[in-house]
1. In the stretch A:41-92, how many are within 16 Å of DNA strand B (Cβ to nearest atom), assigned to a strand (DSSP E or B) and not polar (S, T, N, Q)?
2. Given the structure, is A:I14 surrounded by 14 or more Cβ atoms within 10 Å (Cβ to Cβ) and assigned to a strand (DSSP E or B)?
3. In the stretch A:247-261, how many are within 11 Å of A:P183 (Cβ to Cβ) and away from DNA strand B (no atom under 16 Å from the Cβ)?
4. So is A:A153 in the same structural domain as A:V190 (by TED's automatic domain parsing) and either within 15 Å of DNA strand C (Cβ to nearest atom) or in contact with an Asp or Glu (Cβ under 8 Å, 6 or more places away or on another chain) (or both) or not?
5. Considering only residues that are in a loop (DSSP other than H, G, I, E, B) and touching a residue at least 24 places away in the same chain (Cβ under 8 Å), look in the stretch A:105-124 and name the one that is nearest to DNA strand C (Cβ to nearest atom).
6. A:R12 - would you say it is touching a helix residue (DSSP H, G or I) at 6+ places or on another chain (Cβ under 8 Å) and not β-branched (V, I, T)?
7. For the stretch A:180-200, does any single residue satisfy the condition of being modelled with pLDDT of 95 or more, part of a loop (DSSP other than H, G, I, E, B) and on the phi > 0 side of the Ramachandran plot?
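The values are calculated or read from the model by the stated rules, or taken from the named source; none is laboratory data. Because the structure is predicted, anything quoted here is derived from the model rather than measured. Methodologically, a virtual Cβ is constructed for each residue, glycine included, from the backbone with ideal geometry; neighbour enumeration extends over all protein chains shown.
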Amino acid sequence: MPELPEVETTRRGIEPPLLGRRIESIVVRDPRLRWPVTDSVQAACGHEVTAVRRRAKYIIIEVGDGGLLLHLGMSGSVRILTEDEPPRKHDHFDILTREATLRYCDPRRFGSFSWCPRPFEAHPLLNGLGPEPLSEAFSGDHLYRRSRGRRAAVKNFIMDGRIVVGVGNIYASEALFMAGIHPSRAAGRVSAARYAALARAIQDVLGRAVRQGGTTLRDFSGAGGTPGYFAQELLVYDREGRPCLQCGTSITRRVIGQRSSFYCTSCQR
DNA sequence: ATCGGGACCTGCTTGC
DNA sequence: TGCAAGCAGGTCCCGA
C-alpha cells in the first residue's frame, strides 16, 4: 500500500493533530509487528511532539530526547480519531493526546513501531540509507557513480534503499518506462546520460504523486488498499497486455527480483 | 562487496 | 459453491 507519496501524505495528515501536543499515553493492543513492539516506546509519554518528520518510508514523531519510529510496511495505515471508537481487527496500537488519538492498523504486520534515541541517523534502521529522491543529494550522477561494475538489474538497483530511498515497486516500473530503460538491464551498463533521465523521472513521478496527496491514503478513515485515482496516471504498472501509451506495443509483465515488473519491450532498452 | 533467494504475514482475487 | 493457488505497494537476513 504505502510508497513514498503515501507515507508523505500520512505524515502530512498526522502532523497537524500531533504537533505541539503532549503524548498522554501509548496503548499497545497487539505488539506483533515486524519486530515486537516493546515498552521502550513509552519513553515518549509525557512529552510534547516537536516535529513529525519522514526519512525514507519511516515516519518519526519527535519528542524531547528521541522519537517514535513508524513504518507502514505493506499494509499499514493510520487514522486519527477524535472520539472513542472500538478497535477493529489488526489495530495494533494507539498514540493518545488530549485532543486526538492516532490509531495504527496493519493486517500483514510488516510494519514496525519503535523508540529511536537521538541522533536518529545512528539508528540501525536509518543509518546507511541513501539520499532522499526529492533532495539535492540525489542525481543521475549519484546513480551513475554508485552503479559502476554492478550486474544486478537496474530496477533492483534503484529499489535498494542504500542507493536511494523511497522508490517502491510501482514507481520503479514507472520511472524506468519514462526514462526508456529496460528494467532488467544491468545497472552497470546504463550510461550517465540515461541515469540523468532516470533520476529526473524518479523525481517527476514521486513529486507529482506527493503533490496530489498520494493515492489510497488521501483521507485517514481507513480506505481499502486498492490503487486510488493515481492509478489512472500509471503508464505501465498493472497494465499487462494493454497497449503502451507511447507506441502501442502490448505491455509485458515479468518477475524481476521476486517482484512484478511492467515494461514496454519496444520503448525500453 | 554484491547478489539472489527466502523469510516474515493476512486477505483478496482468480481459476479449476 | 468451495477450495487452493496466486498475488499484493517492503525490507531484512542469509548463504554463495
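1. Qualifying residue count for the region: 3.
2. Against the criterion (surrounded by 14 or more Cβ atoms within 10 Å (Cβ to Cβ) and assigned to a strand (DSSP E or B)), A:I14 does not qualify.
3. Selection size over the stretch A:247-261: 1.
4. It is true that A:A153 is in the same structural domain as A:V190 (by TED's automatic domain parsing) and either within 15 Å of DNA strand C (Cβ to nearest atom) or in contact with an Asp or Glu (Cβ under 8 Å, 6 or more places away or on another chain) (or both).
5. In this case the residue turns out to be A:F110.
6. No.
7. Scanning the stretch A:180-200 turns up at least one residue that is modelled with pLDDT of 95 or more, part of a loop (DSSP other than H, G, I, E, B) and on the phi > 0 side of the Ramachandran plot.
Residue-by-condition table, conditions (1) within 16 Å of DNA strand C (Cβ to nearest atom); (2) buried (at least 19 other Cβ atoms within 10 Å of the Cβ):
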residue: A:C45; (1), (2): no, no
residue: A:V49; (1), (2): no, yes
residue: A:R53; (1), (2): yes, no
residue: A:G67; (1), (2): no, yes
residue: A:H71; (1), (2): yes, yes
residue: A:R79; (1), (2): yes, yes
residue: A:R88; (1), (2): no, no
residue: A:H92; (1), (2): yes, yes
residue: A:R98; (1), (2): no, no
